[in-house]
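Below is one structure, written out as structure tokens; the observations come after it.
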Amino acid sequence: GRGILPDSHPRSLRAFHNSPSIEAILTQCDLTLVAGSRLRSNETRTWTLPLPRPLVQIDIDPAAANRNYLADEQINGDCAALLTALAARLTPGEKVSAEWDAEIAGAVQQAESALRQQSGEYAKLNDAIDAALPQDGLLV
């Protein structure tokens, strides 16, 4: 989800979840891990975005289970604590792949290029805002 990885991370898909190039990346994933996200309509093309299976949903609220997508597994608990525990069980660098990172970078570049073309002159405004904000800044 947005914010889990900084946009500068080589495996960040940034905010391009509705882009065809990013969707092509998603189809190659082994599973979907949803942590605290409601998978809202604007993030999922009105709930038509196909997400890889199995879909595992982590949320502190048991009522969030299967709210917008049916989960294969539901884990109730604090996302930060559960993700920290999961990360502790993984070996750093275990699945690092320069080829995969390059594929992600290419998909992100295609998505950004398409958005810039669609935005026209407004892309310059986005660039100015991006330049004015600190690296971890948000515009609300």
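The values are calculated or read from the model by the stated rules, or taken from the named source; none is laboratory data. Everything numeric in this text was worked out from a predicted model, so none of it was measured. In this analysis, Cβ positions are derived from the backbone assuming ideal geometry, glycine residues included, and neighbour counts consider all displayed protein chains.
For Gln28, the test of being over 28 Å from Asn126 (Cα atoms), in contact with a strand residue (DSSP E or B) (Cβ under 6 Å, 6 or more places away or on another chain) and among the polar types (S, T, N, Q) is failed. Among the criteria (1) out of contact with any His (no Cβ under 8 Å at 6 or more places or on another chain); (2) within 17 Å of Leu13 (Cβ to Cβ), the one Ala63 does not fulfil is (2).
There is at least one residue in segment 26-36 that is touching a Phe, Trp or Tyr at 6+ places or on another chain (Cβ under 8 Å) and closer than 24 Å to Leu138 by Cβ. Residues in segment 1-13 that are over 12 Å from Glu43 (Cβ atoms) and surrounded by fewer than 17 Cβ atoms within 10 Å (Cβ to Cβ): Gly3, Ile4, Leu5, Pro6, Asp7, Ser8, His9, Pro10, Arg11.
Given the criteria closer than 22 Å to Gly137 by Cα, assigned to a loop (DSSP other than H, G, I, E, B) and out of contact with any His (no Cβ under 6 Å at 6 or more places or on another chain), does Pro10 qualify? Judged against the criteria, Pro10 is a match. Going through (1) over 22 Å from Ala87 (Cβ atoms); (2) more than 14 Å from the chain's Cα centre (by Cα); (3) at pLDDT below 95 one by one, Thr44 falls short only on (2).
Let's see how each residue does on (1) farther than 23 Å from Asp30 by Cβ; (2) hydrophobic (A, V, I, L, M, F, W, C); (3) exposed (fewer than 15 other Cβ atoms within 10 Å of the Cβ):
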position: Asp59; (1), (2), (3): no, no, no
position: Asn66; (1), (2), (3): no, no, yes
position: Gln74; (1), (2), (3): no, no, no
position: Ala85; (1), (2), (3): no, yes, yes
position: Leu90; (1), (2), (3): no, yes, yes
position: Val96; (1), (2), (3): no, yes, yes
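Among the residues of segment 13-35, how many are more than 19 Å from Lys95 (Cβ to Cβ) and in a loop (DSSP other than H, G, I, E, B)? Of the residues in that region, 6 qualify. Pairing each residue of segment 80-108 that is under 11 Å from Arg11 (Cα atoms) with any residue that is among the aromatic types (Phe, Trp, Tyr) and at pLDDT below 90, provided the two are 6+ apart or on different chains, yields C-beta distances under 7 Å for Val108/Phe16.
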